[in-house]
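What follows draws every value from the coordinates through simple rules; no lab data is involved. Quantities reported herein were computed from a predicted structural model and do not represent experimental measurements. Every residue, glycine among them, receives a Cβ derived from its backbone with ideal geometry; neighbour counts consider all protein chains shown.
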Amino acid sequence: MVEKLWMLKLPLNIKIFIRRACYDWIPTLESLAQRNIVVDDKCPICKRASETTLYALRDCKIFRYAHFDWLHRTVVGGRLFSNFFDLIRDCLTRMSTNELELFCVSSWRIWCSRNSIIHDNVHRCNLDVGCWSRNYITQLQTMAIYRGFIFSRDCGLTLCILESDAETVVKRITDGCSMDANSVAILASIASLLDRSVVNNIPKKANRATFGLAKNAMSINEDLYWLKDFPGCIRSLVEAKKLI
């Protein structure tokens, strides 16, 4: 399970947080009480129950419906789990990769918001966690496209067509629109590199070889070269395409 979470296209700090949450390694009040660091383990936000990891990230009254505004089907709320590990394991079987990434980001955002209330004297935390998480992932996808442009430039390549499965990002690039200051800066940098390049939205299933190559690259931590026309990890896909 941990390996599947580690393969998600998320920043390292979020993946580490989710892994720690799965094993109850984040400093909830229940965890601190077990170590005799605090006496009262009640949730510091709602004061209704012991603050376990699952309670802090899903069941607290303040954040209970934070996940519902972006899920298209009920895969989290209303289901009984004994701990956050079981919740994540259930999500792995029920959610698509994009939904799982969004769930992980929103869980991390909820924890950050909880800490802001407790430690930074923030009196209200009625943030639209789902909306914030969507925008955050969109920023990551935008940055990935920008780095693709930089990589091609540094390699001396002339980029004619860029294809991405991030539909929202492609629309922002082609329409020149953005939602926040960070996106404006990244999109402006992309616009300066576009020249005559064309940016298209292509679903993952439309180019399975490219998607397979990109997925394989996520597990490689060093430079890799191959002498044949294409790497072995996508051989079957390419050869099947030739037969069509």
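So if we plug the beta-carbon distance of residue 195 and residue 216 into 1/(1 + (r/R0)^6) with R0 = 25 Å, what FRET efficiency do we get, rounded to 0.05?
Approximately 0.25, to the nearest 0.05.
Residue separation times 0.36 nm, minus the C-alpha to C-alpha distance between residue 160 and residue 188: what's the value?
Residue separation times 0.36 nm, minus the Cα-Cα distance, leaves 8.2 nm.
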Residue separation between residue 13 and residue 118 times 0.36 nm, minus their alpha-carbon distance, gives in nm 35.7 nm
Once the in-chain neighbours fewer than 8 apart are removed, the aspartates and glutamates whose Cα is under 15 Å from residue 228 read 239
Here the gain from full extension of residue 32 to residue 96, 0.36 nm per residue of separation minus their alpha-carbon distance, amounts to 19.6 nm
Between residue 168 and residue 238, the two model label points (7 Å from Cα along the beta-carbon direction) sit apart by a distance in nm of 3.4 nm
Given backbone amide H placed at 1.01 Å from N, residues whose amide H is under 5 Å from that of residue 162, ignoring those fewer than 5 places away on the same chain, are 198, 199, 200
